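*Asks:* Before we start, here is the structure in question, set down as structure tokens.
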Amino acid sequence: MKRVLIIPSCNEVHEGLTDFMEGAQPWHARLGYRIHFLLCSACRKLLAAFRALPGLLRGALARSGKAPPEAAEVLARVLKEAGKDGSKSRP
């Protein structure tokens, strides 16, 4: 089967960014996203912001001291299971 590379629009990137970051798309779709990020500075900034979220959340929880310990533990476990704690390589 012949694959056709289609570069997604900004709207398509916004809708599929979570799938892209989780590696839930086929290789040709991920390639289209990567090409889009090379061409579109706004979507590159969005990707950078999404990648920064886990660290920002960890930092906010550590500094504030207001979150119940159970919430911090659940968040840490969820981030680890999702590979967002730095234990896995990023896309």
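The values are calculated or read from the model by the stated rules, or taken from the named source; none is laboratory data. Just so you know, these numbers come straight off a predicted model, no measurement behind them. As a convention, Cβ positions derive from the backbone with ideal geometry for all residues, glycine included, and neighbour counts pool all protein chains shown.
*Asks:* Please name all residue pairs, on different chains or six or more residues apart, with Cβ atoms under 9 Å, provided the first residue is in segment 3-29 and is of a type in the set (K, R) and the second residue is assigned to a loop (DSSP other than H, G, I, E, B) and surrounded by fewer than 12 Cβ atoms within 10 Å (Cβ to Cβ).
*Replies:* The qualifying pairs are R3/P26.
*Asks:* Does L5 fit the bill of being of a type outside the set (S, T, N, Q) and either part of a helix (DSSP H, G or I) or at pLDDT 90 or above (or both)?
*Replies:* For L5, the condition - of a type outside the set (S, T, N, Q) and either part of a helix (DSSP H, G or I) or at pLDDT 90 or above (or both) - is not met.
*Asks:* Then there's this: For segment 68-81, which positions are at pLDDT below 75 and either under 22 Å from R34 (Cβ atoms) or surrounded by fewer than 15 Cβ atoms within 10 Å (Cβ to Cβ) (or both)?
*Replies:* P68, P69
*Asks:* When the residues of segment 30-57 are filtered to those that are small (G, A, S) and closer than 26 Å to K80 by Cβ, which remaining residue is modelled with the lowest pLDDT?
*Replies:* Only one residue tops the list, namely G55.
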